[in-house]
Each structure stands twice: as C-alpha cells, then as structure tokens.
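The values are calculated or read from the model by the stated rules, or taken from the named source; none is laboratory data. Everything numeric in this text was worked out from a predicted model, so none of it was measured. Reconstructed Cβ throughout: ideal geometry from the backbone, glycine too, with neighbour counts over all protein chains shown. Note: accessible area is taken over every heavy atom of the protein model, side chains too, but ligands, DNA and RNA are not part of it. Shrake-Rupley method; radii C 1.70, N 1.55, O 1.52, S 1.80 Å.
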Amino acid sequence: MFDRDVPNPWVGVALKRRRVATKPAAMREEFYAFAWGAVKAGHPDAAAAAVICFEWLQRPENVLEGYVRWGDYRGPQAPCAIRIEHWKTGAVVLHPLEETVSGERVLFYSEAEEILSQVPRLGLGVVMRQRAAAATKWDIMSMGRLVRNLRAALGLPETFTLDACRHGGMTELEEAELTDGQGRALSAHRSKAYEGYAKRTEKRALAATRKRYAHRLATEANEAPSETARPSEMAANPLIKRS
C-alpha cells in the first residue's frame, strides 16, 4: 500500500493489547458465610444484596439502584417466584422459588429466603439504608466499602465482592451442567444465534432451577452429609436424604 521509495511509518510500531483479567467468583460456602456474618453484624441489607447477586444473578449496581423491589418477591402476580429485571438488557426473569412434588413443598432457595426475612422493609427496594429519618438507596461506593469491612472482619479473601457473588452464581450454573438455553433462561444473557427461536419461559426457568438445585444438593451431600443441610431445609425439602 506504500510507495516503496517512502519508508513505512508503521515499522516497529506495536499495538498495546489490554489483557482481560478473569473476574473472581465467590463460591457458595464463602458467600453464605458473608451473608450470615453481615446479618449478625447488623447489616442484613448487605446480606440481601449478596443473596440477590449470587442466587438470582443480578448485577450489583442494579440491586443498589432498586431494581429488585419487595413487590417483585412473592408478589400477587407470582406468589411462588421472584421477579428479576436486568436493567442492562431489559430482560425480565421469573425465578421459581418453590414447587410441589408428590404433595410435598420443595423450597429451592430456603436459606436465601431466610436471609431476606431478616431485612427490614424500609421502602420499595429490597436493599435500602436508613439515614436520619428517611430510607435511601445505597450507592455503589458506600456498599463496596461496607462489604470490604465485613469481609475483613469475617476473614474472607480480598477477592470477595458483590460482583464476585454474581460470577459465583454464574459459575454454579455451569457446574450444574445446564444447557445453554437453561442457563440463559436464568441469567437472561443474550445470544443472537439463540434469541431468534428460543424464548425465556417460566417453564424453562423452572427446569433450569430444578437442575441447579439438584446439583447443589448432590454437592452438599458429597461434602458433608450430616452437617450441610439446615434442619429447616431438611423438613421442607423431600429431595434431601436424611442420614
């Protein structure tokens, strides 16, 4: 492309390539250690934020901006589900919270719901803070500072963040060996190749939730059969084998 009599000005010029670092993922054990530790320390709002990011794959900034409201949790239109609106993509996912199997009620997120039961209802949003006489939203910097203080007090690694909770939940979807369609039904990620013919229906979300739940029970049973399941969860969930 260049005149041979004119030196190529691009010789020796190298493009700087930015390395994309792999984001850390918080695993279920450390995530719940944080959540219960935050509740005990008097910060159930931080615990709820972690729960929503990990279990229902919401982005931290959306949680803090109030995109998850109390009316979305077991609301009149979906009493057995939580509605998650992914503001970045505009997608809405109804995550099933329970189903009835052979006449028995199975709670998919019993521990997460136990955490939410500790959160005071200060306003429309699930995650809010009380300041003076008014309830306000958390800003991302203040919540990040609180999470850092709590994780230090609880002895959790420095890689633990709300974003790491979301990535941990996404990792769990992969470990549960969900199909591409099932994973997208829960995470609301888009794919042009998939989007044209696959719809995110409540039926697909339920199938994906069952598979993820079964994976978690199997993992817990292999690691600590006698200690993993909480007594309340064993009573509510017939899928847990009693030792």
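Observations
- Coupling constants for the stretch 162-170 follow from the phi torsions by the Karplus curve (6.51 cos²θ - 1.76 cosθ + 1.60, θ = phi - 60°), and in residue order they are 5, 5, 5, 5, 4, 5, x, x, 5 Hz; glycine and proline get x.
- Relative intensity, log₁₀ I(q)/I(0), of the stretch 46-125 from a Debye sum that treats every alpha carbon as a point, q = 0.13 Å⁻¹: -0.39
- Arg145 - accessible surface, heavy atoms, 1.4 Å probe, Å² rounded to 10: 120 Å²
- Accessible area of Thr100 (1.4 Å probe, protein heavy atoms only, ligands and nucleic acids ignored): about 100 Å².
- Note on exposure: Thr209, Thr179 ranked by accessible area (1.4 Å probe, complete protein assembly) read Thr179, Thr209, with the most exposed listed first.
- Net charge, Thr136 excluded, C-beta distance under 13 Å - Lys, Arg +1, Asp, Glu -1: 0
- When the residues Trp56, Trp70, Trp87, Trp36 are ordered by accessible surface, computed with a 1.4 Å probe over the protein chains alone, the sequence from largest down reads Trp87, Trp36, Trp70, Trp56.
- Thr179 versus Gln130: modelled label distance in nm, points set 7 Å from Cα along the beta carbon direction: 4.9 nm
- One decimal place: the segment Thr100-Gln118 gains 4.0 nm when fully extended, by the rule 0.36 nm per residue minus the C-alpha distance.
- In this structure the stretch 28-75 gives 29 Å² per residue of accessible area when probed at 1.4 Å with all protein chains present.
- Phi to ³J(HN,Hα) by Karplus 6.51 cos²θ - 1.76 cosθ + 1.60 over the stretch 44-51, Hz, x for Gly, Pro: x, 5, 5, 4, 5, 4, 5, 4
- Estimated distance in nm for a label pair at Thr219 and Asp3, the labels positioned 7 Å out from Cα along Cα-to-Cβ: 6.5 nm
- Length gained when the stretch Val92-Cys80 is fully extended (0.36 nm per residue, less Cα-Cα span): 2.7 nm
- Amide proton proximity set for Tyr73, modelled H, under 5 Å, gap of 5+: Arg83
- The stretch 32-85 - percent of accessible surface contributed by carbon and sulfur, probe 1.4 Å: 54 percent
- Nearest-10 value in Å² for the accessible area of Arg59, using the 1.4 Å probe: 30 Å²
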